[in-house]
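A short worksheet on the structure shown next.
The values are calculated or read from the model by the stated rules, or taken from the named source; none is laboratory data. Since we're looking at a predicted model, the values are computed, not measured. Neighbour counts are summed over all protein chains in view; Cβ atoms, including those assigned to glycine, are modelled from backbone coordinates with ideal geometry. Please note that ligands, DNA and RNA were not included when accessible areas were found on the heavy atoms of the full protein model with its side chains. Shrake-Rupley method; radii C 1.70, N 1.55, O 1.52, S 1.80 Å.
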Amino acid sequence: MSTVVLDNVTKVYPGGTLAVDQLSLRAEEGELLVLLGPSGCGKSTLLRMIAGLEEITAGDLYLHGRIANDLAPRDRDVAMVFQNGALYPHRTVRGNLAFPLEIAKADPSMTRDRVVELSRALHIDETLDRRPGTLSGGQRQRVAMGRAIVRQPSLFLMDEPLSNLDASMRTELRMEISSLVRALGVTTIYVTHDQVEALTLADRIAILNRGVLQDVGTPAQIYNDPATAFVAAFLSSQQLNLLSATVRTPQNQYIMLDFGLHQITMPWTDPRAYAVSQHTGRQIIVGIRSDGLTPIPEGVDGPHFTGRVRTLEYHGHEWLAYLEVGIPAVAAPEPTPKHPVNGHANGHANGNGNGHSAAARLRAMVRRLTGGETDHGPDDTPPAIGSGTHRRSDLVVRLGGRPVWRAGEHGRVAVDLSRIMLFTTAGDRIDPPRR
Ligand SMILES: Nc1ncnc2c1ncn2[C@@H]1O[C@H](COP(=O)(O)OP(=O)(O)O)[C@@H](O)[C@H]1O
Ligand SMILES: [Mg+2]
């Protein structure tokens with residue numbers, strides 16, 4: 001049984017902000033599910049709805065198979081840790097850790113043992129007799145985590161617990177959280193805006209943008225096979241190359257991705273060929289990570305781009321090159337509100353079915369709360385390519401440890417066809433990943 005099920009959950013704040021938009025998601029027993037997305041995308045709102053600290057506007061929440069929308073927070077068997085885990089300043093670490101058990105009138109000797117055991121697991125056993133004011137930030141967050149987990153909740157919710165710590169402490173505590181929650185086997189939902197934290201910690205990642213669920217999968221699935229251009233861009237450590245192309249199928253011989261100044265051909269044997277050919281004559285977005293491009297000498301055949309090397313950048317462990325290829329680059333399209341503002345639902349990636357009457361009720365409710373519109377924009381038309389979304393059209397190329405080019409010279413890069421990602425102009429994958 002899933003520990004947490006969110007079924008078409010929407011949150012509209014009283015002021016009219018649509019913070020979570022028809023989101024469906026499950027957390028399985030014992031898994032570490034990471035909610036990832038940029039600041040303001042609705043992560044905390046979602047977590048607070050699960051904890052019972054925020055009302056659910058529409059949709060259903062199930063905890064352990066039972067509907068929980070109206071369950072009081074204390075009846076949810078949930079523990080939560082925030083960015084600044086507030087501790088009782090006048091109690092020692094031992095007193096802070098023991099507090100939830102004392103409230104629950106647990107056996108004192110059991111409490112003593114449990115506090116010591118947990119403090120060892122969290123590497124704060126040396127600090128048991130100190131007050132929070134004398135601890136480092138990392139130690140305070142360990143105590144906050146210990147206090148949340150001491151009662152062995154069935155669900156552990158963490159909201160950016162590491163974001164106030166310095167980089168080395170973050171890495172250290174990240175590894176400890178990972179081993180601790182896995183050792184305890186407690187289902188954990190962990191919120192972060194940091195993609196490295198998400199990729200390293202998660203069993204599965206759910207990635208949000210503007211309250212809309214973009215993708216859910218294991219770190220490898222969503223990194224290698226992202227459902228939307230937003231996911232691909234958000235998980236790229238360097239800027240993702242997103243290029244506008246027109247699909248052509250000359251005499252049905254092959255598929256051509258026409259970038260204007262450059263063309264790349266894709267054989268009919270490519271597994272994506274059929275899906276792409278459905279877009280013949282139309283624009284699509286082609287995503288290429290900087291390491292999907294390899295500098296090659298003049299004259300080498302195969303799919304490639306050429307251009308002038310505008311500049312090189314030294315990143316310590318690698319060099320990046322910016323290649324002027326004269327191809328229009330685009331930004332990852334923003335999701336449009338999923339709820340049916342103009343009488344029809346916008347079927348985005350991971351689209352959730354919604355019945356007409358529920359849709360109509362939701363529409364009426366959103367109108368009432370927002371005075372007509374949501375703050376996502378006046379309609380659900382996808383942003384048009386070519387209307388202010390173009391960026392500088394340099395291709396970002398990863399060179400590795402050696403700068404094989406000099407600025408100003410002519411460069412040629414091979415395109416690894418198996419690594420290019422193909423999106424509609426709305427940002428959805430043309431060949432949707434299987435999950
Ligand atoms: N109490 C609130 N009242 C009104 N709007 C809110 C409230 N809390 C959050 N919001 C808005 O809801 C959206 C999502 O916020 P939040 O869930 O805090 O995002 P995140 O945790 O991903 O940064 C933001 O636009 C934010 O301004
Ligand atoms: Mg937040």
Residue in region 57-79 that is farther than 16 Å from Phe156 by Cβ, β-branched (Val, Ile, Thr) and more than 16 Å from ligand 2 (Cβ to nearest atom) present: yes
Failed criterion for Lys105 (all others in (1) away from ligand 1 (no atom under 16 Å from the Cβ); (2) at pLDDT 95 or above; (3) of a type in the set (D, E, K, R) hold): (2)
Any hit, region 33-47, residues being away from ligand 1 (no atom under 15 Å from the Cβ) and among the hydroxyl-bearing types (Ser, Thr, Tyr): no
Checklist (1) modelled with pLDDT of 95 or more; (2) open to solvent by less than 20 Å² (accessible area, probe 1.4 Å) applied to Ile67, failing item: (2)
Hey, Asp166 assigned by TED's automatic domain parsing to the domain that holds Thr92 and modelled with pLDDT of 90 or more or not: no
Residue in region 325-340 that is modelled with pLDDT under 50 and closer than 28 Å to Arg26 by Cβ present: no
Tabulated pairs, region 40-53, first under 13 Å from Leu213 (Cβ atoms), second within 8 Å of ligand 2 (Cβ to nearest atom) and open to solvent by less than 10 Å² (accessible area, probe 1.4 Å), C-beta under 7 angstrom, 6+ apart or interchain: Lys43/Val191
In region 187-208, residue nearest to Thr57 (Cα to Cα) [restricted to those that are more than 14 Å from ligand 2 (Cβ to nearest atom) and open to solvent by 10 Å² or more (accessible area, probe 1.4 Å)]: Arg204
Filter pass, Leu6 being within 8 Å of ligand 1 (Cβ to nearest atom) and surrounded by 22 or more Cβ atoms within 10 Å (Cβ to Cβ): no
Qualifying residue in region 210-222 (condition: among the hydrophobic types (A, V, I, L, M, F, W, C) and under 17 Å from Ser418 (Cα atoms)): yes
Spans of strands (runs of 3 or more DSSP E) in region 176-280 with at least 2 residues under 30 Å from Arg412 (Cα atoms): 241-248, 255-258, 263-266
Complete set of residues in region 17-39 that are away from ligand 2 (no atom under 16 Å from the Cβ), open to solvent by 10 Å² or more (accessible area, probe 1.4 Å) and either touching a residue at least 40 places away in the same chain (Cβ under 8 Å) or more than 18 Å from Ser154 (Cβ to Cβ) (or both): Ser24, Leu25, Glu28, Glu29, Gly30, Glu31
Residue in region 15-27 that is out of contact with any helix residue (DSSP H, G or I) (no Cβ under 9 Å at 6 or more places or on another chain), within 16 Å of ligand 1 (Cβ to nearest atom) and farther than 19 Å from Ile205 by Cβ present: no
Test: residue in region 95-102 that is assigned by TED's automatic domain parsing to the domain that holds Arg210, surrounded by 21 or more Cβ atoms within 10 Å (Cβ to Cβ) and touching an Asp or Glu at 6+ places or on another chain (Cβ under 7 Å): no
Residue list for region 159-172, restricted to those being away from ligand 1 (no atom under 16 Å from the Cβ) and not in a helix (DSSP H, G or I): Leu165, Asp166
Test: residue in region 372-390 that is surrounded by 15 or more Cβ atoms within 10 Å (Cβ to Cβ) and at pLDDT 70 or above: no
Complete set of residues in region 134-158 that are in a loop (DSSP other than H, G, I, E, B) and closer than 16 Å to Glu172 by Cα: Ser136
